[in-house]
Every structure is written in C-alpha cells, then in structure tokens.
Amino acid sequence: MPSLTSWLDAPPDAWTRCLARALVHHEQRRWSQPAQGKALGLLFFASSLRTRTSMDLAAAHLGAHAVTLNPGQGVWGFEWRDHGPDGQPSTMDRDAAEHIREAVGVLSRYVDALGVRVFATLSDHDADHADTLFHRIAEVATVPVVNLESARWHPCQELGDAATIRTHFARLGAERGTLPQGHRFVLAWAPHPKPLPRAVPNSALLMAARLGMHVTVARPDGFGLDADILDAARSTAETAGGSIAETDDLDAALAAEGGAHVVYAKAWHGAAVYEAPDDEAALRAQHADWMLTTDRMQRTDDGIFMHCLPVRRGVVVDGAVLDGPQARHLLQAEFRLHAQKAILEWIWGLNEPDQVA
C-alpha cells in the first residue's frame, strides 16, 4: 500500500485518480462502507481544526474508525534521534519517555494507516528542508503514512484546492473555459505577526502548475520560495501547458494581462528566519500593506479569492473580501473532506479504476 508524502513523490496517475474521486465525492456527498473494519491513526504534533475534523470524518464516511493522538497532551513525549551529536547511540535520560521507533511501531500494529501533522521547526533549516521529522515517522512505520502537513508539503490541502479550482471553472461555462489550464493564478504573500511555514505556499504553487495555469508568485524581496520548489514548479507547469513567474509588485501581478482569475493569499516566513529571526520579523512588519483588499481584488478578472485557513481578518485579508462573492475559502475547507476520502481510498485500494470518473 502506498504512502503520501507529497504529490511529487506519488505516481502521476494517483493525482489524476484522487482529483477525480474528490469531485465525485463532492457531487455524491454520501457515506459508504468500503473501509469497514479498517482503522486510521492520526498523530497531530501541531494544532488543527479542518485537517483533524475532515480526516476523522473522511474515515467515518468510508466506514473506518479514526483514533486521534496529540503527543505532549496525554501521550508520552517522543525521542526522535537514534544518535546524539557525538554519533553515539542516544541515551534517553531527559524528558522524552518513548522513542519514535517504539511509538510508531506499536501504532503500526494497531491501525491500517497513519496520518501525521508535524510543522517546520523554523529553527533548523536543514531539517526543515529535508522534511526530517515527517520522514522519520514514515521510515519506521509499517503501514501507509499520509502527510497532513509537514515542513515542506501539505498534499491534502493541495488536492482540495485543485478540486475547488476545477469546480469553479466548471461552473463558469464554456465561454470562460471549463478547465483551469491557461488561466492566471497569483500566489500572493501576505503579512502576518508570526513567521509561518511554507508547506501551503509550496503545495499551492505545485498545484496550480499541475493544473496548467499561468502562475505568478508575488512576494516582497527576502520572501522568495526555495529555488528547488520553483524549479519543480516550472518543470511541472511546462509539462501541463502553464508557466511560472515571480514579482515583488503585488498590484501589477493582480492586474497583469487583463487580471488574475485566482488569487491565493498566504503568509510565509522570509529567508532570514533561521539565521536572523529578529531581522526577518522587522522586514515582515514593513510589508503590512500587502493585505488583500476589495480594491485589489477589483484589479483581477473577476478573480476568486482563496486561503487555506485559519486566516487573520484585517491582517492577511480585508473582512469584506472574505464575506464577498469572490471568496472561495469555505468551499476549499469543504473539499478537504472530499479530497481526504479520495486519498484514503487510494492508499487502501478501495476503488477500481472504472469507478474513478
């Protein structure tokens, strides 16, 4: 059975299959029992509202039972390392009571898949870039592991966002094009009082590229995404008929070539966060004027507004945008349920190919 670390690591047909199934689940909106007798373990090392609720319900809709654990809250603290800084086997003589090998080893004997959320540290660049914490769990698990957001990726959000965009263009009608391919997508950096991880913007970028959209990443200087992420997006977009560009001019990006069709706002940290966090915070504070407003949305080609949630009103985006007709953030949140049902079907092999469309 496959795991889902990121869609870049999954077979190409898995994305197509899961996207189609998410759209089917959205249309059908029904409970079924193909996963009856299966169990899903959910490990949340970070806070969650949508992911926790939608994953629990996705399992229930399919007839499976979900068990949610919050390490550090009623669960033993974990030791992650096999070796200490000196290269010698680690000695567990501090706060951690259980090694990740035993914890995940036991859970693998109880459940049929594990969902894991573990955020970026924002203190260890190399570990975050390598997605070390998530891969540590995946390598010791003996059941499929689903990434519920790691330091680098959020594949569940990515699939739900793609289904949201597909649904939007399907509803527009033939005169505007019923597919996202060829339409303009702006990934807009947003201000925030905290430095936030890049898993969602990384995934949103690859998602739009995979849909064949013409993507512009609008961000201030010092907040560019990693070069390897951009390179992967360019390669993906080229194959799908789209393109990738960057700019430090948000207003120009929103209005370019007649205006954006999709605006995806998301805060993320600057490059200096690992070496000079105070400098990063000061630079971030200088760009409070990057908030998405109704005036800015009017520069688009009747573009829709997207955000993964939670979102800070009056900081990331004007409340009038969220309450207006262009907002699709609640539909995005709904599609998390449908997308995750599709992912569980895929990893458990619950539907045949002729059931996809």
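The values are calculated or read from the model by the stated rules, or taken from the named source; none is laboratory data. Quantities reported herein were computed from a predicted structural model and do not represent experimental measurements. Cβ sites come from the backbone with ideal geometry, for glycine too, and all protein chains shown count toward neighbours. Accessible surface is based on the protein model in full, side chains and every heavy atom, while ligands, DNA and RNA are left aside. Shrake-Rupley method; radii C 1.70, N 1.55, O 1.52, S 1.80 Å.
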Exercise for the section: Would you mind estimating how fast the range 1-141 diffuses translationally, via Stokes-Einstein at 25 °C and 0.890 mPa s with the Kirkwood radius over Cα pairs, in µm²/s? Expected result: 143 µm²/s
Problem - Separation in nanometres of the label points that stand 7 Å from Cα toward Cβ, at Arg81 and Val106 - result: 2.3 nm
Fill in the blank from the handout: Residue-normalised value, i.e. accessible area per residue, for the range 262-357 at 1.4 Å probe, in Å², stands at 42 Å²
Handout entry: Accessible area expressed per residue, the range 1-153, with surrounding protein chains retained (probe 1.4 Å, Å²)
Key = 51 Å²
Completion exercise
Result for the range 202-254: accessible area per residue, probe 1.4 angstrom, in square angstrom, of 33 Å²
Fill in the blank from the handout: Rounded to the nearest 500, the 222 nm mean residue ellipticity computed for the chain from DSSP H runs (n ≥ 4, each -39500 (n - 2.57)) alone is -12000 deg cm²/dmol
Problem - Highest-fluctuation residue, Ala253, Ala188, Ala20 considered, GNM on the chain with Cα pairs under 10 Å - result: Ala20
Handout entry: Carbon + sulfur, % of accessible area of the chain - ligands and nucleic acids excluded, 1.4 Å
Key = 49 percent
Exercise for the section: May I ask you to list the trypsin sites (Lys or Arg not before Pro) in the range 89-125 that are in a DSSP loop and have at most 10 other Cβ atoms within 10 Å of their Cβ? Expected result: Arg94
Fill in the blank from the handout: Looking only at lysines whose Cα falls under 22 Å of Lys38's and that sit 8 or more positions away or on another chain, we get Lys341
Problem - Nearest-0.05 FRET efficiency for Leu69 and Val24, computed from C-beta distance (R0 41 Å) - result: 0.85
Problem - Anchor Lys194: lysines whose Cα lies under 27 Å away (excluding residues fewer than 8 positions away in-chain) - result: Lys266
Problem - Enclosed volume per residue, in Å³, of the convex hull spanned by Cα atoms of the range 7-67 - result: 113 Å³
Practice task
Find how many whole Å separate the alpha carbon centroid of the range 300-350 from the alpha carbon centroid of the range 91-127.
Solution key: 29 Å
